[in-house]
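Below you will find the structure I want to go over with you.
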Amino acid sequence: MDKAGHVNQCLAVCEAAGWRADEIVRIPSPGRMTAAWDRFVLNLRKRAATRAARPERREPGRLRIVASGRAAEDVVASYRTLYGDDLFALFSGRPQWLKPIFDVALAPRHGLEAGECVKTAVIPASKTVIFRSGPPTRRLGGRSEGSRAGLAALIGGLNKAFVIDVDRIARQLDEMAARRDGEPLSLVFSRRTPQHVETRLRRIFDNRVARFVDRADRAGFEQVVASAGEFVVTPDSITMVCEMCVTGRPVHVFDLEVFDRGASTYRFLEDLLESGDVTLATGGTARSCEPGLFAVPPAALSLYEAWETGPIASPPCAPRGTALHS
């Protein structure tokens, strides 16, 4: 489903399964915050893309779908009604549907509600649930084979849980740069970064040896990711944090004021901090991330492969709500 970080999650699954780019139909879907006119346009695009994805135009009689985000669930439910057991549906996240429309859900632990744990949680929408640290994430291109050095700061902005305080970010960057004694510093801005935040940070660090990467400079972003030895990230974007963790290099997050501890982004960060996979920028040395932390779990691919080679009428999923752990 074509919406922001959800695209990253879905494509991570597709790439892990070995599906070619020309086999993948991306279905756009409006989100809860989509403006009325954009919603109208996206719904038209969704109809066209849905027709293009039907099995009669691709593999006769069978369909596989990878989805993420609540806006995708009604689409998958309609596919399930049309194709029954001839559909394999995988969801990245915690689906809210009340009937089992998914074969597998890759549910992040931060999606657990108060009083739930991975051993007892039941998700009616999925036959099998694999609980994990966070969503699957693609590996970024442009990986460097040489030595890596310096600090790369990734600056987001619009979010549900954190106050993006420019002065606070600048102080923490100064402290981290001082500990690295002359190593290169890069500031990477995203399309989510408010213009006033970018302008002020550029002004603060303009008289220092710092590289600025524009929000539209994808090649520059990949070069920085390939060459940096360590990362510090604003914690507003789950995808951005995961992408840096996938590099296997140390990851910090800026220590920012939290205004909503119930938001998914805060619960995600809390889970990573408790496990030691990331460290606050004010918290000292971060360790290297665990390899494969946000990779697609092999169990999910095994379930798909068994369904693909087995009888069409009997997809080999565990009983509804069964929880696996990764």
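The values are calculated or read from the model by the stated rules, or taken from the named source; none is laboratory data. Just so you know, these numbers come straight off a predicted model, no measurement behind them. Heads up, the Cβs are rebuilt from the backbone with ideal geometry, glycines too, and the neighbour counts pull from every protein chain shown. Ligands, DNA and RNA are stripped out before the accessible areas are found, and what is left, the full protein with its side chains, is counted by its heavy atoms. Shrake-Rupley method; radii C 1.70, N 1.55, O 1.52, S 1.80 Å.
Could you give the Stokes-Einstein D for the stretch 145-245 in µm² per second, using the C-alpha Kirkwood radius, 10 °C, 1.306 mPa s?
116
With springs connecting C-alpha atoms under 10 Å apart, model the chain as a Gaussian network and identify which of Pro124, Pro136, Pro291 has the largest mean-square fluctuation.
Answer for the Gaussian network model of the chain: Pro291.
Another question, then. Longest segment of the chain with no GluC sites (Glu not before Pro) in a DSSP loop having at most 10 other Cβ atoms within 10 Å?
The segment 1-112 is the longest one with no such site.
Which of Ala71, Ala121, Ala35 ends up with the largest GNM mean-square fluctuation for the chain, with Cα atoms connected below 10 Å?
Highest fluctuation among the options: Ala35.
Take the alpha-carbon centre of the stretch 223-300, take the same for the stretch 147-205, and report the distance between them in whole Å.
15
Moving on to the next point. Can you list the residues, at least 5 places off or on another chain, whose amide H is less than 5 Å from the amide H of Val233, using H built in the peptide plane?
Excluding prolines and chain starts, which carry no amide H, the hits are Leu154, His252, Val253, Phe254.
A further question on this structure: How many Lys pairs in the chain lie less than 17 angstrom apart by Cα atoms, where the lysines are 8 or more positions apart or on different chains?
Value for the chain: 4.
To continue, here is another question. For the stretch 84-229, give the percent of accessible area contributed by carbon and sulfur heavy atoms, probe 1.4 Å, rounded to a whole number.
On the way: 3410 of 6860 Å².
The nonpolar share, carbon plus sulfur, comes to 50 percent.
At 0.36 nm per residue, minus the direct Cα-Cα distance, what do Arg20 and Glu183 gain on full extension? Give it in nm, one decimal, please. Before the final figure, lay out the partial values.
Values: separation 163, 0.36 × 163 = 58.68 nm, distance 3.98 nm.
So the extension gain works out to 54.7 nm.
For the chain, what does the alpha-carbon gyration tensor say about shape, rounded, prolate or oblate, given a ≥ b ≥ c as the root eigenvalues, a/c under 1.5 as rounded, and a/b over b/c as prolate?
Prolate is the answer for the chain, as a/c is 1.5 or above and a/b outweighs b/c.
Using the heavy atoms of the protein chains alone and a 1.4 angstrom probe, what is the accessible area of the chain per residue in square angstrom?
Heavy-atom accessible area per residue stands at 48 Å².
Using a 10 angstrom cutoff on alpha carbons, build the Gaussian network for the chain and name the most mobile of Ala21, Ala52, Ala170.
Ala21
May I ask you to derive the FRET efficiency for Thr282 and Thr199 from their Cβ-Cβ distance with R0 = 25 Å, giving the value to the nearest 0.05?
Efficiency, from the Cβ-Cβ distance: 0.50.
Next question. List every residue whose amide H lies under 5 Å from the amide H of Leu158, counting only residues 5 or more places away in sequence or on a different chain, with H placed 1.01 Å from N in the peptide plane.
none
Quick check on the stretch 167-208: take the gyration tensor over C-alpha atoms, sort the square-rooted eigenvalues as a ≥ b ≥ c, and tell me if it's rounded (a/c under 1.5), prolate or oblate.
prolate
If you don't mind, there's one more thing I want to ask. Kindly write out, for the stretch 46-55 in residue order, the coupling ³J(HN,Hα) from the Karplus curve 6.51 cos²θ - 1.76 cosθ + 1.60 (θ = phi - 60°), rounded to whole Hz, with x marking Gly and Pro.
4, 4, 5, 5, 4, 5, 5, 8, 5, x
Along the Cα→Cβ direction, 7 angstrom out, place labels at Ser78 and Glu270. What is the inter-label distance in nm?
Between Ser78 and Glu270, the simple spin-label model gives 3.7 nm.
Please list 3J(HN,Hα) in residue order for the stretch 88-100, calculated via the Karplus relation 6.51 cos²θ - 1.76 cosθ + 1.60 where θ = phi - 60°; whole Hz, with x for glycine and proline.
Using θ = phi - 60°, the values come out as 10, 10, 10, 10, 9, x, 10, x, 9, 4, 9, 10, x Hz.
Next question, about the same structure. Per DSSP H run of n ≥ 4, the term is -39500 (n - 2.57); total these for the chain, divide by its residue number, and report the mean residue ellipticity at 222 nm rounded to 500 deg cm²/dmol. Show your work: numbers first, answer last.
Numbers: 9 runs with 110 residues, N = 326.
So the calculated ellipticity at 222 nm is -10500 deg cm²/dmol.
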